[in-house]
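Have a look at the structure below, then the notes.
The values are calculated or read from the model by the stated rules, or taken from the named source; none is laboratory data. These numbers were taken from a predicted model, which means no experiment stands behind them. Reconstructed Cβ throughout: ideal geometry from the backbone, glycine too, with neighbour counts over all protein chains shown.
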Amino acid sequence: MNGDTGNRDLYSGMIRLHILHPAEHEAIFGAGMAEELARHGYKISPGTLYPILHGLERRGYLKSEEERSGRNARRLYRITVSGRRALKTAKLRVRELFGELIEGK
């Protein structure tokens with residue numbers, strides 16, 4: 001993860017936000033999220049990503065369903081009402097933190 005596995009705990013909350021944000025607009029799936037996270041510099045394995053997705057679902061932030069296409073199936077995740085509320089609160093806190101870290105406020 002960003003070449004610094006020692007900071008994995010520090011980045012885990014950001015990864016969760018990177019997952020919830022696109023789920024707010026459309027259904028997401030594991031492989032697609034892995035690619036999206038890689039674009040943001042987070043190189044995480046399926047063995048790390050799927051437990052995060054399952055944890056977000058257990059907490060009620062995401063809801064999943066299996067989508068079948070012929071023999072192929074994939075699990076799609078959609079944000080829930082609780083997930084939307086949590087993301088809204090997180091966005092406010094991130095803005096505040098950004099102001100402190102970057103803008104010196």
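Residues in region 29-64 that are in contact (Cβ under 8 Å) with a residue 40 or more places away in the chain, surrounded by 12 or more Cβ atoms within 10 Å (Cβ to Cβ) and over 16 Å from MET14 (Cβ atoms): PHE29, GLY30, LEU62. Sub-7 Å Cβ pairs linking a first residue in region 77-105 that is part of a loop (DSSP other than H, G, I, E, B) to a second residue that is small (Gly, Ala, Ser), at least 6 apart or interchain, are THR80/GLY60; LYS105/GLY99, ordered by first then second residue.
Determine if region 63-75 includes at least one residue that is under 16 Å from PRO22 (Cβ atoms) and hydrophobic (A, V, I, L, M, F, W, C). No, there is no match, as no residue in region 63-75 is under 16 Å from PRO22 (Cβ atoms) and hydrophobic (A, V, I, L, M, F, W, C). Against the conditions (1) modelled with pLDDT under 85; (2) charged (D, E, K, R); (3) within 18 Å of ILE15 (Cα to Cα), ARG85 satisfies every one except (1).
When GLY60 is tested against (1) at pLDDT 90 or above; (2) under 13 Å from the mean Cα position of the chain (by Cα), only condition (2) is not met. Each residue in region 12-40 was checked for being touching a Gly at 6+ places or on another chain (Cβ under 9 Å) and assigned to a loop (DSSP other than H, G, I, E, B), and 1 pass.
Would you say TYR77 is out of contact with any Cys (no Cβ under 6 Å at 6 or more places or on another chain), surrounded by 13 or more Cβ atoms within 10 Å (Cβ to Cβ) and within 17 Å of GLY32 (Cβ to Cβ)? Yes, satisfied.
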